[in-house]
Amino acid sequence: MINRLSSFNKNIFCFDANYVRRNFASIHFINQNNKLLVIDSGTNHSAKQFLAALETLNISPESVEWIVLTHVHLDHAGGAGLLMKQCPNAQLAVHPRGARHMVNPEKLWMAVVDVYGLKEAYEQYGKLIPVDENRIKALADEEIIKFQNRRLRIIDAPGHANHHIVIFDEESESFFTGDAFGISYPELTSNKGEFIFISSTPTQFEPTKLASTVKRIMEAKPQNCFLTHFSKITNIERNGHELLKQIDEYVMIAQQSTRNGENQQDRIKKNLFELLYRKLSTTNLNISRQEFGNLLDLDLSLNAQGLKYWNIKFNKQV
Ligand SMILES: [Zn+2]
């Protein structure tokens, strides 16, 4: 059974990738003339959801023409190999820096085993399946994917990761932004609109590059952005300014984190929590510190880890 297939204007669909918890990670696709272009694959555990979504629409896996990966972090790309197997006519589109990791996922896998351990890595992502390199198209900045009668423009989008692209769909005037335009969970939408925050996961977070990416997305004045975590947001101007402000706030927190003897990562995490909870407190939502902490626990841990890593890499602060 598929959990929640949502549909939006211009034949855009979204379903839950079945990762971590409900409403955590999504997969989007465009259905044009019963042909599909999929954005992000989720993990190997998302494949079942994907097949169920196709069945709901009465579309066969053979109709998938494109699987486009915003970047090769495993919650976005871990299931790409399996999906490519299930969709024999699909081409995989990915940033030039991500392509070789799809042909040989060993390095991605080792990185994840490093963080989670072997057992947990399997449970989270399943075994990574290599993709035939003849089926991969590496996409450069400003390249266009022609998909049926639609055009999708690729934008190089570093800052969250060096292997990140965002995809502008001219038909819907919308971006598919992966993790480059923040995270926004529907549970936190309030009278003030969407609640958005930066994702600074390790190991390639770079604030200056991310700010340029956010600005570039804003300059295109899109109607919507479709985020992997989690789906559609609309007020791009307001959300973009908030993200730009937060990049500075994150940097400040990271740089101030080495002042006393406390564990640096824990301190960053605590300060990120306080920053974001303070923002939430100005809305009409009634969410306790405990609930907020639970909802954002994984994101805050990863963000703190990424900021600590950035500190060491660029500021030589240990
Ligand atoms: Zn990511």
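The values are calculated or read from the model by the stated rules, or taken from the named source; none is laboratory data. These numbers come from a predicted model, not from an experiment. Positions of Cβ are generated from backbone atoms using ideal geometry, with glycine treated the same way; all protein chains shown enter the neighbour counts.
Report yes if Lys48 is away from the ligand (no atom under 16 Å from the Cβ), basic (Lys, Arg) and at pLDDT below 95, otherwise no.
Yes.
Being at pLDDT 95 or above and either within 16 Å of the ligand (Cβ to nearest atom) or in a helix (DSSP H, G or I) (or both) is true for just one of Met110, Met102. Which residue is that?
Working: Met110 fails: at pLDDT 95 or above.
Result: Met102 is the single residue among Met110, Met102 that is at pLDDT 95 or above and either within 16 Å of the ligand (Cβ to nearest atom) or in a helix (DSSP H, G or I) (or both).
Considering the stretch 125-166 alone, what residues qualify as being hydrophobic (A, V, I, L, M, F, W, C) and in contact with a helix residue (DSSP H, G or I) (Cβ under 8 Å, 6 or more places away or on another chain)?
So in the stretch 125-166, the residues hydrophobic (A, V, I, L, M, F, W, C) come out as 128-129, 131, 136, 138-140, 144-145, 147, 152, 154-155, 157, 161, 165-166.
Answer for the stretch 125-166, where residues must be hydrophobic (A, V, I, L, M, F, W, C) and in contact with a helix residue (DSSP H, G or I) (Cβ under 8 Å, 6 or more places away or on another chain): Leu128, Ile129, Val131, Ile136, Ala138, Leu139, Ala140, Ile155, Ala157, Val166.
Can you report the number of residues in the stretch 127-155 which are touching a residue at least 40 places away in the same chain (Cβ under 8 Å), under 22 Å from Cys87 (Cβ atoms) and not in a strand (DSSP E or B)?
The qualifying residues number 10.
Restricting attention to the stretch 111-124, does a residue exist that is more than 30 Å from Gln246 (Cα to Cα), touching a helix residue (DSSP H, G or I) at 6+ places or on another chain (Cβ under 8 Å) and charged (D, E, K, R)?
Narrowing the stretch 111-124 to residues more than 30 Å from Gln246 (Cα to Cα): 113, 117-123.
From the residues that got through so far, the ones that are touching a helix residue (DSSP H, G or I) at 6+ places or on another chain (Cβ under 8 Å) too are 113, 121.
Those still in the list that are charged (D, E, K, R) too: none.
Checked against the condition, which is being more than 30 Å from Gln246 (Cα to Cα), touching a helix residue (DSSP H, G or I) at 6+ places or on another chain (Cβ under 8 Å) and charged (D, E, K, R), the stretch 111-124 yields no hits at all.
Scan the stretch 190-197 and give yes if some residue there is within 16 Å of the ligand (Cβ to nearest atom) and either of a type outside the set (Ser, Thr, Tyr) or touching an Asp or Glu at 6+ places or on another chain (Cβ under 6 Å) (or both), otherwise no. Please lay out each step first, then the result.
Our first condition is that a residue be within 16 Å of the ligand (Cβ to nearest atom); within the stretch 190-197, this holds for 196-197.
Pick out the ones that are also either of a type outside the set (Ser, Thr, Tyr) or touching an Asp or Glu at 6+ places or on another chain (Cβ under 6 Å) (or both) and you get 196-197.
Scanning the stretch 190-197, I find at least one residue that is within 16 Å of the ligand (Cβ to nearest atom) and either of a type outside the set (Ser, Thr, Tyr) or touching an Asp or Glu at 6+ places or on another chain (Cβ under 6 Å) (or both), so the answer is yes.
For the stretch 249-301, what are the residues that are in contact (Cβ under 8 Å) with a residue 24 or more places away in the chain, of a type in the set (Asp, Glu) and closer than 28 Å to Asn191 by Cβ?
Glu249, Asp299
What is the number of the single condition among (1) assigned by TED's automatic domain parsing to the domain that holds Ser46; (2) within 16 Å of the ligand (Cβ to nearest atom); (3) not in a helix (DSSP H, G or I) that Val115 does not meet?
It is condition (3) that Val115 fails.
Mind checking which residues of the stretch 273-318 are touching a Gly at 6+ places or on another chain (Cβ under 9 Å) and surrounded by 19 or more Cβ atoms within 10 Å (Cβ to Cβ)?
Leu300
Regarding the stretch 22-33, can at least one residue be identified that is surrounded by fewer than 23 Cβ atoms within 10 Å (Cβ to Cβ), more than 19 Å from the chain's Cα centre (by Cα) and assigned to a strand (DSSP E or B)?
Yes, the stretch 22-33 contains a residue that is surrounded by fewer than 23 Cβ atoms within 10 Å (Cβ to Cβ), more than 19 Å from the chain's Cα centre (by Cα) and assigned to a strand (DSSP E or B).
Go through the stretch 202-219 and give me each residue that's touching a residue at least 60 places away in the same chain (Cβ under 8 Å), within 15 Å of the ligand (Cβ to nearest atom) and surrounded by fewer than 23 Cβ atoms within 10 Å (Cβ to Cβ). Reasoning before the result, please.
Let us first name the residues in the stretch 202-219 that are touching a residue at least 60 places away in the same chain (Cβ under 8 Å), namely 202-203, 205-207, 216-217.
Then drop every residue that is not within 15 Å of the ligand (Cβ to nearest atom), which leaves 202-203, 205-206.
Answer for the stretch 202-219, where residues must be touching a residue at least 60 places away in the same chain (Cβ under 8 Å), within 15 Å of the ligand (Cβ to nearest atom) and surrounded by fewer than 23 Cβ atoms within 10 Å (Cβ to Cβ): Pro202, Thr203, Glu206.
Let me confirm something: among Pro222, Pro158, which residue is touching a His at 6+ places or on another chain (Cβ under 9 Å) and in contact (Cβ under 8 Å) with a residue 40 or more places away in the chain? Spell out the reasoning first.
Values: Pro222 fails: touching a His at 6+ places or on another chain (Cβ under 9 Å).
Criteria check complete, one pass: Pro158.
Condition (residue is more than 17 Å from the chain's Cα centre (by Cα) and over 15 Å from Ser41 (Cα atoms)) applied to the stretch 64-87: is it met by at least one residue? Outline the logic, then answer.
Start the filter on the stretch 64-87 by keeping residues that are more than 17 Å from the chain's Cα centre (by Cα), which leaves 64-66, 81-87.
From the residues that got through so far, the ones that are over 15 Å from Ser41 (Cα atoms) too are none.
Looking through the stretch 64-87, none of the residues is more than 17 Å from the chain's Cα centre (by Cα) and over 15 Å from Ser41 (Cα atoms).
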